[in-house]
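Below you'll find the structure, written out as structure tokens, and then a few comments.
Every number in this text was worked out from the coordinates using simple rules, so none of it is lab data. Everything quoted here is computed from the prediction, not taken from an experiment. Every residue, glycine as well, gets a Cβ built from its backbone with ideal geometry; the counts of neighbours run over all protein chains shown.
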Amino acid sequence: MIIWGNNDEGQRKFYNKGDGFIAIACGNSHSIALHQNGSLYIWGNNRVYSSPDGSYISIACGKHHSIALSKDGHIAIWEKGNTQYIRDNQYIAIACGYKHSMGLKNDGGIVSFRTSNTPEKSLLKNQDDAHIAIAGGYLHSVAIRRDGTLSVWGNKERDRQKDFPN
């Protein structure tokens, strides 16, 4: 892994863990790497953390937080040195925005979180609204419904809440 850039908060303080990394995500001053064995390495924000348990399959970063999805469908959230777990075992995908995270559930529902483990909003009204993919932006989020249409929501003041047909 090659790391460059600013190092004022330990952004380059990664200790060589060998090869075999399959995913990387970066926040404002931190990074997270997913190894092929399912372990995680998080560094930056003047912290270094590793999770050698080997249960993770997906990662994402927001401004000051990181999230990971386990193969059992649980979500782990790291923020400001704290680790929180959402042990729902119904999640199949994750995404982060600037200060929020989302989990896509196996029924197509989306749960949005602030940067804590308290669900903020569930976005599945009925099975017609089931989603298959999610992405987070600075002040908005986007999801693809099973029928191929898009849902976009977020900061209403900047006209970011729309539905787009086929």
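Here are some notes:
- For H65, H131, order by how many other beta-carbon atoms lie within 10 Å, fewest first: H131, H65
- Fewest-first sequence of F113, F21 by Cβ atoms within 10 Å of each Cβ: F21, F113
- For C26, C96, C61, the sequence from fewest to most other C-beta atoms within 10 Å is C26, C61, C96.
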